[in-house]
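Engineer: Questions regarding the structure given below will be posed in turn.
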Amino acid sequence: MTKVVMVQGTMSNSGKSFLVAGLCRMFKRMGYKVAPFKSQNMALNSFITEDGMEIGRAQVMQAEAAGIKPSVEMNPILLKPTSNTGSQVVLNGKVYANMNASEYYKNKKAFIPYILQAYNKLCDQYDIIVIEGAGSPAEINLNENDIVNMGLAKLVNAPVILVADIDRGGVFASIYGTVALMDNDAKSRIKGIVINKFRGDKNLLIPGFEMLAEHFNKINVDIPILGVIPMTQIDIDDEDSLSEKLDTSKVDFCTDKINISVIRFPHISNFTDFNPLGRRRDVILKYISSPKEMDNADLVILPGTKNTLYDLRWLKSMGFNYDNLSKKNIIGICGGFQMLGNNLIDKFEVEEGGSETGLSLLNFNTIFAKEKTTRQIRTKIINFPDFMDNFDIPPISGYEIHMGSTTNASELYFTQSDITDNCGFVNMNVLGTYIHGIFENDDFVDALISGLVKKSNKKVILEENINDFDVYKQLQYDKLADLVEESLDINKLFNILDTQNI
């Protein structure tokens, strides 16, 4: 029978995705067939599976750690925020509807059959399922219709590990408060506590553990400490915009490296696209919000966004325009690509309706469509921008996620597939493409960095013998599994797995 364990957190960004990935990798190395599962994910970072289904990037990362291909069953509901109060609801990999928060909350229980269908399908294929919760299970105003934390744990009878971030302070208060606010059934499901992101001597925590146990005893709770995970730099995809990777305010550009600016849109999506650039020692990567910050940039990237029209208007309000951007080497991806054209037209009110004049850095128009394009792609580059080395590189791979089509007026196509699909154009110092994951193609990145060095006339020592990006990721997953295995009481963990049917 398939075993299951669920990881919940005392708050957002406590380390749930991190721990789930580590457990998946650890179980894989032990010889188990393991899969991640998250019933409902709210994130702007998404991925397209081989069969064209859209799921959250966190479950893709966890599937990679488990050594399996990501599938839509791992994340049946994806909420992609379109505003502060609304989201696009992606159900089983396809757009279901746009809903405001109260509307979705009222209808959540209608999604339970889809959640259980996906979960049961995974159970038919794997030995262990590692479930990730969302936010905190102690959001008492939302518990009645919960389908992602204790509500889900009850549905699938999952034992729960509670993870808490000590680095932000107040760890014992957050643990005790979370448990104390739960009803008795929920309390009984928590089988272990993990302290995450600890710096210093673990022995200093022992008195705290003892006092926490005393307080738990007063509310008739006995939950053991499963382990303490130290603060460690492991480079895996982050879940959402809480990622510290987006805060580069203290990063300075250098004269002996290639400086790359990524414009930080209010609704930036798929910022995991840039992780391969950030790992290189010959690159400085900064997220910026004003034109002045791109003064010394060798390349400016307009990333994807979940609200293209809003973010284009924001871009203009911050002072970005044709005059200052046209002087730079530019790459636009997905929504950022659409902004590079002449006009963006939303006659079907896919976003907020209306139209907006683009930056006119490339000569095309975009018309938003009712149907979302979601597909993986492998294609050959046929035209390069002038800031890339123009040599024969292998076909590039990636994926598309967009609700719009572009019409070409006069630009060169970027790849062979563009001839029929219009998904990328090139003009001198400007490249626009719908391809997410393009920087995971090592040969493409090598040609890009090498070309930028030549065009900038900088004396940059190019990084040589850099690991293939996939090899690099596998090494990170192994480091994570080592850390989890060293930090947790593995015997207690397997005892927790065996409590599922008790």
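Engineer: How many angstrom lie between the Cα centre of segment 35-105 and the Cα centre of segment 240-309?
Structural biologist: That distance is 24 Å.
Engineer: I've got another one for you. For a Förster distance of 56 Å, can you work out the FRET efficiency between the beta-carbons of Ser317 and Asn220, rounded to the nearest 0.05?
Structural biologist: 0.50
Engineer: Quick one: putting +1 on the C-beta of Lys and Arg, -1 on the C-beta of Asp and Glu, what dipole do you get for segment 257-456 around its Cα centre, in Debye to the nearest 20?
Structural biologist: Working: 20 positive and 24 negative charges, 85 e Å.
That gives segment 257-456 a dipole magnitude of about 400 debye.
Engineer: Return Thr357, Thr82 ranked ascending by Cβ neighbour count within 10 Å, so the fewest neighbours appear first. Write out the running numbers ahead of the final one.
Structural biologist: On the way: Thr357 11, Thr82 20.
Ascending Cβ contact count within 10 Å gives the list Thr357, Thr82.
Engineer: A further question follows. Based on Cα positions only, what radius of gyration and what Dmax would you give for segment 257-456, in angstroms?
Structural biologist: For segment 257-456, the Cα-based Rg and Dmax read 15.4, 45 Å.
Engineer: Where does the chain land at 222 nm, in deg cm²/dmol rounded to the nearest 500, when only DSSP H runs of n ≥ 4 count, each adding -39500 (n - 2.57), divided by all residues?
Structural biologist: Calculated from helices alone, the mean residue ellipticity at 222 nm is -8500 deg cm²/dmol.
Engineer: Place the peptides 69-78, 102-111 in order of packing, highest mean first, counting for every residue the other Cβ atoms within 10 Å and averaging per peptide. List each step's numbers first, then the result.
Structural biologist: Values: 69-78: 24.1, 102-111: 14.0.
Sorting 69-78, 102-111 by mean packing, highest first, produces 69-78, 102-111.
Engineer: Strictly greater than 21 Å: what percent of every Cα pair in segment 315-417 meets that?
Structural biologist: Of all Cα-Cα distances in segment 315-417, 41 percent exceed 21 Å.
Engineer: With labels modelled as points extended 7 Å from the Cα through the Cβ direction, what inter-label distance (nm, one decimal) is found for Ala110 paired with Leu204?
Structural biologist: Output for this residue pair reads 5.2 nm.
Engineer: Moving on to the next point. Which shape class applies to segment 157-259: rounded if a/c is under 1.5, otherwise prolate when a/b exceeds b/c and oblate if not, where a ≥ b ≥ c are the square roots of the Cα gyration tensor eigenvalues?
Structural biologist: prolate
Engineer: Take every Cα pair under 8 Å in segment 1-112 that's 6+ residues apart, average their separations, divide by the length, and report that relative contact order as a whole percent.
Structural biologist: The normalised contact order for segment 1-112 reaches 20 percent.
Engineer: Quick one: what Rg and Dmax do you get for segment 352-397 from the alpha carbons, in Å?
Structural biologist: Calculated on Cα positions, Rg and Dmax stand at 15.7, 42 Å.
Engineer: Quick check: the angle from helix 469-487's long axis to the longest principal axis of the chain, C-alpha only, nearest 10 degrees?
Structural biologist: In the chain, helix 469-487 runs at an angle near 20 degrees to the longest axis.
Engineer: Additional query: Would you kindly state how much longer the chain becomes between Lys94 and Asp389 on full extension, computed as 0.36 nm times their sequence separation minus their alpha carbon distance, in nm to one decimal?
Structural biologist: Additional length available on full extension: 102.4 nm.
Engineer: For Arg199, Arg25, Arg280, which order do you get if you count the other beta carbons within 10 Å of each Cβ and list the fewest first?
Structural biologist: Sorted ascending by nearby Cβ count, the order is Arg199, Arg280, Arg25.
Engineer: So, counting K/R as plus one and D/E as minus one, what does the shell of residues with Cβ under 14 Å around Val228 add up to? Write down the numbers at each step before the final one.
Structural biologist: Details: positive: Lys197, Arg199, Lys202, Lys492; negative: Asp165, Asp167, Asp201, Glu485, Glu486, Asp489.
Net charge in that neighbourhood comes out at -2.
Engineer: Continuing with this model, one more query. Within 10 Å of each residue's Cβ, count the other Cβ atoms and sort Asp478, Asp252 from fewest upward.
Structural biologist: Details: Asp478 15, Asp252 9.
Least to most surrounded, the residues fall as Asp252, Asp478.
Engineer: Please state the shape class of segment 410-500: rounded when a/c is under 1.5, otherwise prolate if a/b exceeds b/c and oblate if not, all from the C-alpha gyration tensor.
Structural biologist: Oblate, since a/c reaches 1.5 and b/c is not below a/b.
Engineer: Quick check: the angle from helix 206-218's long axis to the longest principal axis of the chain, C-alpha only, nearest 10 degrees?
Structural biologist: 60
Engineer: Continuing with the same structure: Can you give the charge dipole size of segment 330-419 about its Cα centre, rounded to the nearest 20 debye, using +1 on the beta carbon of Lys and Arg and -1 on the beta carbon of Asp and Glu? Show your work: numbers first, answer last.
Structural biologist: Values: 6 positive and 12 negative charges, 61 e Å.
Rounded to the nearest 20 debye, it is 300 debye.
Engineer: Then there's this: Length gain on complete extension for the stretch Ile382 to Leu142, per 0.36 nm per residue less the alpha carbon to alpha carbon distance?
Structural biologist: Using 0.36 nm per residue and subtracting the Cα-Cα distance, I get 81.2 nm.
Engineer: How big is the charge dipole of segment 123-227 about its Cα centre, in debye rounded to the nearest 20, if each Lys and Arg gets +1 on its Cβ and each Asp and Glu gets -1 on its Cβ?
Structural biologist: Taking the Cα centre of segment 123-227 as origin, the dipole is about 280 debye.
Engineer: Can you tally the net charge around Val20? Count Lys and Arg as +1, Asp and Glu as -1, for every other residue whose Cβ sits under 9 Å from the Cβ of Val20.
Structural biologist: On the way: positive: Lys16, Lys38; negative: Glu132.
Charge balance in the 9 Å sphere: +1.
Engineer: Moving on to the next point. Please give the length that would be gained between Asp247 and Thr407 if that part of the chain were fully extended, namely 0.36 nm times their separation in residues minus their C-alpha to C-alpha distance (nm, one decimal).
Structural biologist: 54.0 nm
Engineer: Going by average Cβ neighbours within 10 Å, how do the peptides 119-128, 10-19, 144-153 rank, with the highest at the top?
Structural biologist: In decreasing order of mean packing, 119-128, 10-19, 144-153 become 10-19, 144-153, 119-128.
Engineer: What number comes out for the charge environment of Met150, summing +1 per Lys or Arg and -1 per Asp or Glu over other residues with Cβ under 15 Å away?
Structural biologist: +2
Engineer: Further question on the same structure: If I model a spin label as a point 7 Å beyond the Cα along the Cα-Cβ vector, how far apart are those points for Ser289 and Asp468 in nm?
Structural biologist: The modelled label-to-label distance comes out at 4.0 nm.
Engineer: Once you have the Kirkwood Rh of the chain from its Cα pairs, apply Stokes-Einstein at 20 °C and 1.002 mPa s and quote D in µm²/s.
Structural biologist: 90
Engineer: Also, I was wondering about something else. Which of the three applies to segment 384-452, rounded, prolate or oblate, going by the alpha-carbon gyration tensor with a ≥ b ≥ c and a/c under 1.5 meaning rounded? Walk me through the intermediate numbers first.
Structural biologist: Values: a/c = 2.03, a/b = 1.35, b/c = 1.50.
It is oblate, given that a/c is not under 1.5 and a/b is not larger than b/c.
Engineer: Helix 112-123 against the longest principal axis of the chain: what's the angle in degrees, Cα atoms only, rounded to the nearest 10?
Structural biologist: 80
Engineer: Charges on Cβ only, +1 for Lys and Arg, -1 for Asp and Glu, centred on the Cα centroid of the chain; of Gly86, Gln338, Phe253, which one is farthest towards the dipole's positive end?
Structural biologist: Gly86
Engineer: Would you mind getting me the FRET efficiency between Arg29 and Ile461? Use the beta-carbon distance for r and R0 = 30 Å, nearest 0.05. The partial results should precede the final answer.
Structural biologist: Details: r = 36 Å, r/R0 = 1.20.
So, using R0 = 30 Å, E works out to roughly 0.25.
Engineer: Of Lys306/Lys328; Lys33/Lys191; Lys191/Lys250; Lys327/Lys347; Lys306/Lys327; Lys108/Lys370, which sit over 29 Å apart, Cα to Cα?
Structural biologist: Values: Lys306/Lys328 24 Å; Lys33/Lys191 23 Å; Lys191/Lys250 40 Å; Lys327/Lys347 32 Å; Lys306/Lys327 27 Å; Lys108/Lys370 24 Å.
Pairs exceeding 29 Å: Lys191/Lys250; Lys327/Lys347.
Engineer: Considering the options Ala58, Phe198, Tyr434, tell which one lies farthest towards the positive end of the dipole of the chain, charges being +1 on Lys and Arg and -1 on Asp and Glu at the Cβ, about the Cα centre.
Structural biologist: It is Phe198.
Engineer: Using the basic label-point model (7 angstrom from Cα toward the beta carbon), what is the Met11 to Asp51 distance in nanometres?
Structural biologist: Here the modelled spin labels are 4.0 nm apart.
Engineer: Now, a different point. Mind pulling the per residue volume of the convex hull built on the Cα atoms of segment 123-188? Å³ is fine.
Structural biologist: So the per-residue hull volume is 106 Å³.
Every number here is computed from the coordinates shown, using simple stated rules; none is lab data. This is a predicted model, so every value here is computed, not measured. Neighbour counts run over all protein chains shown; Cβ positions are idealised from the backbone, glycine included.
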